[in-house]
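Q: Could you have a look at this structure, given as structure tokens, before my questions?
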């Protein structure tokens, strides 16, 4: 039964991290919020496309029909005007739900604080309604599952860590590879060849690790640059480079 909140104070928006892919890695708090929510919004790159976040949630729900999932389309575009228009439209949809219901949930892959769709949505919603109560619920980040799958430490002792999307100019990775002990690179897409060239030129081909679709069907891991199958690369791919392994 939905908790109709029409005409009363705003409900609460919960940004819930569902983890990297394995439904068993969903936290108990996330599970309870999804089960108790009046409505659950899920991001999708295109209309009618299956949401990865929804698939994770459904993987552990006993009664999928008891949860009302609603798709919000966030296109994979580099056009700022297109993106800003969609952020605003989706924020207005979510805000309207918060006017009607007490508990509104938005699901996001991994953790809401790390390169997540929710971070942008929250900014826009707060711009429209600064008084809206917002609660961010952590999830297991992809990078922690990635290193655990490979049985390697992310960082130890006084080592330094940096996270970065693959930059348009790959040369900007070079100072990161020289200054940090572990460099985690996201959003590789179809640019693996460019990334591999930089890693090889820096002499770090034996100090890198690759994970794709962590925790999901078709999960793939590789150690060393030469062992990475280019056919396994996609949006949900992560490269972990550990220059510290080469240093004395």
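Q: Looking at segment 110-128, which of its residues are part of a loop (DSSP other than H, G, I, E, B) and buried (at least 16 other Cβ atoms within 10 Å of the Cβ)? Lay out the reasoning, then the answer.
A: Kept after step one, since they are part of a loop (DSSP other than H, G, I, E, B), are these residues of segment 110-128: 111-116.
Hits for segment 110-128 are 111, 112, 114, 115, 116.
Q: Would you call residue 171 out of contact with any strand residue (DSSP E or B) (no Cβ under 9 Å at 6 or more places or on another chain), within 25 Å of residue 22 (Cα to Cα) and not in a loop (DSSP other than H, G, I, E, B)? Show your work before the answer.
A: Working: out of contact with any strand residue (DSSP E or B) (no Cβ under 9 Å at 6 or more places or on another chain): yes; within 25 Å of residue 22 (Cα to Cα): no; not in a loop (DSSP other than H, G, I, E, B): yes.
The answer is no for residue 171.
Q: Being touching a helix residue (DSSP H, G or I) at 6+ places or on another chain (Cβ under 8 Å) and more than 21 Å from residue 97 (Cα to Cα) is the filter here, so list the residues in segment 19-51 that pass it.
A: 19, 20, 21, 22, 23, 25, 26
Q: To continue, here is another question. Kindly provide the set of residues from segment 174-194 that are within 23 Å of residue 159 (Cα to Cα), in a helix (DSSP H, G or I) and touching a residue at least 40 places away in the same chain (Cβ under 8 Å), ordered by number. Steps first, answer last, please.
A: First, pick out the residues of segment 174-194 that are within 23 Å of residue 159 (Cα to Cα): 174-186.
Still in the list and also in a helix (DSSP H, G or I): 174-179.
Within segment 174-194, 177, 178 meet the criteria.
Q: Is there a residue being under 17 Å from residue 126 (Cα atoms), in contact with a helix residue (DSSP H, G or I) (Cβ under 9 Å, 6 or more places away or on another chain), assigned by TED's automatic domain parsing to the domain that holds residue 26 and surrounded by 16 or more Cβ atoms within 10 Å (Cβ to Cβ) anywhere in segment 74-90?
A: Yes, segment 74-90 has at least one match.
Q: Testing residue 99 on (1) touching a strand residue (DSSP E or B) at 6+ places or on another chain (Cβ under 8 Å); (2) under 16 Å from residue 12 (Cβ atoms), one condition comes back false. Which one is that?
A: All conditions pass for residue 99, except number (1).
Q: Quickly run through segment 230-241 and pick out the residues that are assigned to a loop (DSSP other than H, G, I, E, B) and either in contact with a strand residue (DSSP E or B) (Cβ under 7 Å, 6 or more places away or on another chain) or modelled with pLDDT of 95 or more (or both). Show your work before the answer.
A: Within segment 230-241, the subset assigned to a loop (DSSP other than H, G, I, E, B) is 233-236.
233, 234, 236 - these are the residues of segment 230-241 that are assigned to a loop (DSSP other than H, G, I, E, B) and either in contact with a strand residue (DSSP E or B) (Cβ under 7 Å, 6 or more places away or on another chain) or modelled with pLDDT of 95 or more (or both).
Q: Considering each of 143, 107 in turn, give the residue that is touching a strand residue (DSSP E or B) at 6+ places or on another chain (Cβ under 6 Å), closer than 30 Å to residue 241 by Cα and part of a helix (DSSP H, G or I). Lay out the reasoning, then the answer.
A: Values: 107 fails: part of a helix (DSSP H, G or I).
Answer to the check: 143.
Q: From the residues in segment 195-222 that are in a helix (DSSP H, G or I) and surrounded by 17 or more Cβ atoms within 10 Å (Cβ to Cβ), which one is nearest to the chain's Cα centre (by Cα)?
A: Within segment 195-222, the subset in a helix (DSSP H, G or I) is 195-201.
Now narrow it down to the ones that are surrounded by 17 or more Cβ atoms within 10 Å (Cβ to Cβ): 195-196, 198-199.
Values: 195: 21, 196: 23, 198: 25, 199: 24 Å.
Going through the qualifying residues, I end up with 195.
Q: Condition first: out of contact with any helix residue (DSSP H, G or I) (no Cβ under 9 Å at 6 or more places or on another chain), at negative phi and exposed (fewer than 13 other Cβ atoms within 10 Å of the Cβ). Now tell me which residues in segment 147-160 satisfy that.
A: Within segment 147-160, just 158 meets the criteria.
Q: Could you tell me whether residue 78 is within 19 Å of the chain's Cα centre (by Cα), more than 12 Å from residue 106 (Cβ to Cβ) and either free of Cβ contacts under 8 Å to residues at least 24 places away in the same chain or part of a helix (DSSP H, G or I) (or both)? Spell out how you get there, then give the answer.
A: Numbers: within 19 Å of the chain's Cα centre (by Cα): yes; more than 12 Å from residue 106 (Cβ to Cβ): yes; either free of Cβ contacts under 8 Å to residues at least 24 places away in the same chain or part of a helix (DSSP H, G or I) (or both): yes.
Yes; evaluated as a whole, the condition is true for this residue.
Q: So residue 247 clears everything in (1) out of contact with any helix residue (DSSP H, G or I) (no Cβ under 9 Å at 6 or more places or on another chain); (2) part of a loop (DSSP other than H, G, I, E, B); (3) under 22 Å from residue 115 (Cβ atoms) except one condition, right? Which one?
A: For residue 247, the exception is condition (3).
Q: Filter segment 14-51 down to residues that are buried (at least 22 other Cβ atoms within 10 Å of the Cβ) and part of a helix (DSSP H, G or I), then give me how many there are.
A: Count: 2.
The values are calculated or read from the model by the stated rules, or taken from the named source; none is laboratory data. As the structure is a computational prediction, the values presented were derived from the model and not from experiment. Every residue, glycine among them, receives a Cβ derived from its backbone with ideal geometry; neighbour counts consider all protein chains shown.
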